[in-house]
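The values are calculated or read from the model by the stated rules, or taken from the named source; none is laboratory data. None of these values were measured; they are calculated from a predicted model. In this analysis, Cβ positions are derived from the backbone assuming ideal geometry, glycine residues included, and neighbour counts consider all displayed protein chains.
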Amino acid sequence: MSNILFDPLFGRHANSTAPFLLLEGARRIDYCDFVALSAQLANVFADLGLVKGDRVALQVAKTPEALAVYAACLRSGLVLLPLNTAYTTSELDYFLSDAEPRLVICDAADADAMTGILNGAELHTLNADGSGSLSAAAAAMPTTHDVVDCAEGDLAAILYTSGTTGRSKGAMLSHANLLSNATALADLWQFTDGDVLLHALPIFHTHGLFVAVNVSALSGAAMLFHPTFNAEKLLADLPRATTLMGVPTFYTRLLSEASFTREATAHMRLFVSGSAPLLADTHTAFEARTGHRILERYGMTETNMNASNPYMGERRPGTVGFPLPGVEIRITDPTTGAALAQGETGMIEVRGPNVFGGYWRMPEKTAEELRETGFFITGDLGQIDPDGYLMIVGRQKDLIISGGYNIYPKEIEVLLDAVPGVRESAVFGVPHADFGEATIGVVVPEAGCALDPAALLSEITPHLARFKHPRRIEIVADLPRNTMGKVQKNVLRKTYTPAT
Ligand code: MLC
Ligand code: AMP
């Protein structure tokens, strides 16, 4: 037995002095040092009594130490629960009570608030400068640790994705899900140990954690590890990079920088975009400015990456390319589930070793979205063109994607509806130049009630991460409905376009 994910990602680099993380200034962390740190952290976890299958919740700034917690969990057979740093205490309370982690790791500044919702879990701190009780405990530990055996189906992580009913669902990802996807992508995108990836994505989501980190580690590549996306800093580091992965907002922001030119990108080998639709205009403008064609790919938390434009061959704007090797994509009738002919528009369904095992402790939700045949019903609507390129043409799920972050309207509507004087509400996305979509809410008051948009916002925002806050709330007399009585969000989107 062995650890099928840790060994190829990190274990095999245990004696390598090749650079893994390139940090601000001249600081660098070599593979061997990173693997040693992961062993020290794993020893801390073992000392706390954590055993294979236990969950470790992590809500901290992006640091090498935070990434080493991921590696430490993999080598210990622990299940990582990475959490967006923007989440509020009420959002965290739900995740912690649902996932029941044995250990919670947070910034020291958040420790008091976290203590109130620990539910019996241990607490360690890890700060943005790498300090904290966890690093102190790790420093006292040996740099060797017996890697725990992990097989294909063992859980590596639980990532929460918001649900259409307003309750978040924990997507269970196995070692084999992550390994198969990293292997397919590293091969397809021709990653090698000569690559240097500019890493400016957060590490609490699939894109920044699994796609970027796993592909790099599997290939022995280095990462220029930026704590956040900052266009100026990214441009300053560009000469040292060979590849970049980003959400579309990265690319529109880079295009607004005059110094982002053909010369500045001449040495780059690959720009990848995903997590939200890349406008064909952005694709075209990027090529006109730099001479590079962005490679757009398609994925989701539950399935990792599903499809990608080719590395060699035509990268077609407005499409997400072909299914990854080993992945099947079919288009079905959203009502009956019957497979549709090529060229017809319908539900995108995905099957393959990349597809998750189900939602944590939610068998009914799992059964609704994951067919017995293994096909996952994505909620995205698409079409396959005559050459086999997949186009995402819309979403059946009620979802807003803002700057690559998912916002489920229901979660906000539930909060608005609970405010006294509110009869009903509808939350939807409208086009936004920077974030792709921006969130707007319309609210219908109870008869005789006067509502104030600012007061409504201050009522709901303490419960919501900043990126979920509606940009605007409008008070309306009625919501547009179809003959079935369903709120017509497409009508609302037209009425309130463009965003202000
Ligand atoms: C920040 N803000 C956002 C926001 N990001 N609001 C809406 N949507 C977002 N995505 C808020 C800030 O809190 C701030 O609030 C204000 O907007 C302006 O912030 P900013 O400084 O301009 O934003 P910035 O910090 O630069 O962040 C923008 C960003 C970031 C695009 C760099 O959102 C980001 O890193 N996004 C990547 C998300 C991601 O990794 N997605 C992958 C999911 S995995 P205030 O208080 O100042 O008004 C997945 C699967 C797949 O989807 O296929 O990959
Ligand atoms: P998440 O739940 O955060 O994993 O978001 C996954 C969703 O992001 C998908 O279901 C799609 O709706 C969307 N998405 C990801 N990549 C793309 C892309 N290249 N184009 C359009 N939408 C995308």
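Does the range 29-46 hold any residues that are free of Cβ contacts under 8 Å to residues at least 24 places away in the same chain and either in contact with a Phe, Trp or Tyr (Cβ under 8 Å, 6 or more places away or on another chain) or of a type in the set (D, E, K, R) (or both), and which are they?
D30, D33 - these are the residues of the range 29-46 that are free of Cβ contacts under 8 Å to residues at least 24 places away in the same chain and either in contact with a Phe, Trp or Tyr (Cβ under 8 Å, 6 or more places away or on another chain) or of a type in the set (D, E, K, R) (or both).
Restricting to the range 264-278, and then to whatever is in a loop (DSSP other than H, G, I, E, B) and in contact with a Pro (Cβ under 9 Å, 6 or more places away or on another chain), can you tell me which residue is farthest from ligand 1 (Cβ to nearest atom)?
Restricting to residues being in a loop (DSSP other than H, G, I, E, B) and in contact with a Pro (Cβ under 9 Å, 6 or more places away or on another chain), the top hit is H267.
Answer yes or no as to whether T249 is within 16 Å of ligand 1 (Cβ to nearest atom), within 21 Å of T319 (Cα to Cα) and part of a helix (DSSP H, G or I).
The answer is yes for T249.
Output the number of the condition that A231 fails; it satisfies all remaining conditions of (1) surrounded by fewer than 21 Cβ atoms within 10 Å (Cβ to Cβ); (2) small (G, A, S); (3) within 12 Å of ligand 1 (Cβ to nearest atom); (4) within 25 Å of Y31 (Cα to Cα).
Of everything listed in (1) surrounded by fewer than 21 Cβ atoms within 10 Å (Cβ to Cβ); (2) small (G, A, S); (3) within 12 Å of ligand 1 (Cβ to nearest atom); (4) within 25 Å of Y31 (Cα to Cα), A231 misses just condition (4).
Give me the residue from the range 360-383 that is within 11 Å of ligand 2 (Cβ to nearest atom) and not aliphatic (A, V, I, L, M) and, out of that set, surrounded by the fewest Cβ atoms within 10 Å (Cβ to Cβ).
Only one residue tops the list, namely G379.
Scanning for something at pLDDT 95 or above, of a type in the set (G, A, S) and within 11 Å of ligand 1 (Cβ to nearest atom), does the range 176-198 turn up at least one residue?
There is no residue in the range 176-198 that is at pLDDT 95 or above, of a type in the set (G, A, S) and within 11 Å of ligand 1 (Cβ to nearest atom).
List the pairs whose first member sits in the range 237-254 and is free of Cβ contacts under 8 Å to residues at least 40 places away in the same chain, whose second member is of a type in the set (F, W, Y) and more than 11 Å from ligand 1 (Cβ to nearest atom), and whose Cβ atoms are under 7 Å apart, counting only residues at least 6 apart or on separate chains?
L254/F260
Are there any pairs with C-beta distances below 9 angstrom linking a residue in the range 278-301 that is under 17 Å from T243 (Cβ atoms) to a residue that is polar (S, T, N, Q) and surrounded by fewer than 16 Cβ atoms within 10 Å (Cβ to Cβ), with the two at least 6 apart or on different chains, and if so which?
That search, which allows pairs on different chains as well, returns T290/T261.
Go through D237, D281 for me and flag whichever is closer than 30 Å to N15 by Cα and part of a helix (DSSP H, G or I).
That would be D237, the only listed residue that is closer than 30 Å to N15 by Cα and part of a helix (DSSP H, G or I).
List the strands (runs of 3 or more DSSP E) inside the range 6-117, counting only whole elements, that have at least 2 residues being within 20 Å of the chain's Cα centre (by Cα).
55-59, 79-82, 103-106
Report, by residue number, each residue of the range 337-372 that is assigned to a loop (DSSP other than H, G, I, E, B), without any contact (Cβ under 8 Å) to a residue 12 or more places away in the chain and aliphatic (A, V, I, L, M).
Answer for the range 337-372, where residues must be assigned to a loop (DSSP other than H, G, I, E, B), without any contact (Cβ under 8 Å) to a residue 12 or more places away in the chain and aliphatic (A, V, I, L, M): A338, L340, A341.
Here are some residues: F271, F260, F225. Which one is closer than 12 Å to H199 by Cβ, in contact (Cβ under 8 Å) with a residue 12 or more places away in the chain and surrounded by 14 or more Cβ atoms within 10 Å (Cβ to Cβ)?
The conditions single out F225.
So T439 ticks every box in (1) outside any strand (DSSP E or B); (2) closer than 24 Å to F95 by Cβ but one. Which box is left unticked?
(1)
Write out, first by first residue and then by second, each pair whose Cβ atoms fall under 6 Å of each other, whose residues are 6+ apart or on separate chains, and whose first residue, in the range 162-173, is modelled with pLDDT of 80 or more while the second is part of a loop (DSSP other than H, G, I, E, B) and not small (G, A, S).
Here the result reads K169/M362; G170/W360; A171/T301; A171/E302; A171/F356; M172/F356; M172/W360; L173/F356, each pair linking the range 162-173 to a residue that is part of a loop (DSSP other than H, G, I, E, B) and not small (G, A, S).
Out of V422, V427, V443, V414, report the one residue that is closer than 30 Å to V247 by Cβ, without any contact (Cβ under 8 Å) to a residue 60 or more places away in the chain and more than 15 Å from ligand 1 (Cβ to nearest atom).
Selected residue: V443, the only one of V422, V427, V443, V414 that is closer than 30 Å to V247 by Cβ, without any contact (Cβ under 8 Å) to a residue 60 or more places away in the chain and more than 15 Å from ligand 1 (Cβ to nearest atom).
What are the residues in the range 406-429 that are within 21 Å of the chain's Cα centre (by Cα), assigned to a strand (DSSP E or B) and crowded, with 19+ Cβ neighbours inside 10 Å, if any?
I407, F428, G429 - these are the residues of the range 406-429 that are within 21 Å of the chain's Cα centre (by Cα), assigned to a strand (DSSP E or B) and crowded, with 19+ Cβ neighbours inside 10 Å.
Listed residues A139, A99, A86; which is surrounded by fewer than 17 Cβ atoms within 10 Å (Cβ to Cβ), farther than 19 Å from L41 by Cβ and aliphatic (A, V, I, L, M)?
The unique qualifying residue is A86.
How do the strands (runs of 3 or more DSSP E) wholly within the range 287-336 filter down when requiring 2 or more residues that are crowded, with 20+ Cβ neighbours inside 10 Å and within 16 Å of ligand 1 (Cβ to nearest atom): which remain?
Hits in the range 287-336: 295-300, 304-308.
R395 fails exactly one of the following numbered conditions: (1) without any contact (Cβ under 8 Å) to a residue 40 or more places away in the chain; (2) more than 13 Å from ligand 2 (Cβ to nearest atom). What is the number of that condition?
Just one mismatch for R395, condition (2).
Of all the residues that make up the range 272-302, how many are among the small types (G, A, S) and in contact with a strand residue (DSSP E or B) (Cβ under 8 Å, 6 or more places away or on another chain)?
Residues in the range 272-302 being among the small types (G, A, S) and in contact with a strand residue (DSSP E or B) (Cβ under 8 Å, 6 or more places away or on another chain): 5 in total.
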